[in-house]
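Undergrad: Below you will find the structure I want to go over with you.
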Amino acid sequence: MRVLGIDHGTKRIGLALSDPFGVISSPFGFFDTHPRTRLKKRLEKLFAEQDVQIVVVGEPLMMDGSVGVQAEKVEDFVTWLQSWCTARIERIDERLTSVMAERVLIEGGVRRAERKQKRDAIAAAILLQSWLDAQVKDED
């Protein structure tokens, strides 16, 4: 069983997968958000191939914790996902994950042109790792 992390953006979703034991998160790439019929097929294939049982979607709340335009778009995405997905769907606060991902890439010497595509998957890995770590703390 694996957990899939999703960092939802306007043009694409960043993806990260846990290891089979649900301990470590790794970037998995990204899928374009449109057209949704194609996105659904790609996600269904990923769920089946990787035995995804839980999907963790980042909620992009405003710095004061309020819901903004991007969070409303994510809510629409989650509603759409729930309409056909059998995996359990969890949400996690993703404030600043893209900023952290950008820093990691800059510190790693990744060129600007390459950072844009990698940032989404790194952000997804950061939010998924946060969720995985919280599950371990809950077990203690």
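Undergrad: Could you check which residue among Gly22, Gly108, Gly58 shows the biggest mean-square fluctuation in a GNM of the chain with a 10 Å Cα cutoff?
TA: Top of the fluctuation ranking is Gly108.
Undergrad: To continue, here is another question. Per DSSP H run of at least 4 residues, take -39500 (n - 2.57); add these up for the chain, divide by its residues and hand me the 222 nm value, nearest 500 deg cm²/dmol.
TA: -16500 deg cm²/dmol
Undergrad: Sticking with this one: Nearest 5 is fine: what % of DSSP beta bridges in the chain come out antiparallel, could you say?
TA: Antiparallel bridges: around 50 percent, rounded to the nearest 5.
Undergrad: Something else: Say we join alpha carbon atoms closer than 10 Å with springs in a Gaussian network model of the chain; which of Val74, Val104, Val56 then has the biggest fluctuation?
TA: Val104
Undergrad: Could you work out which residue, out of Ala121, Ala101, Ala113, moves most in a Gaussian network model of the chain, that is, has the largest mean-square fluctuation with Cα springs under 10 Å?
TA: Taking springs between Cα atoms under 10 Å, the residue moving most is Ala113.
Undergrad: So who's got an amide H within less than 5 Å of the one on Thr33, skipping anything under 5 residues away but keeping other chains? H placed 1.01 Å off N, in plane.
TA: Hits under the 5 Å cutoff: Arg12, Ile13.
Values quoted throughout were computed directly from the atomic coordinates according to the rules given, and no laboratory measurement underlies them. Just so it is clear, the structure is predicted and the values come from calculations on it, not from any experiment.
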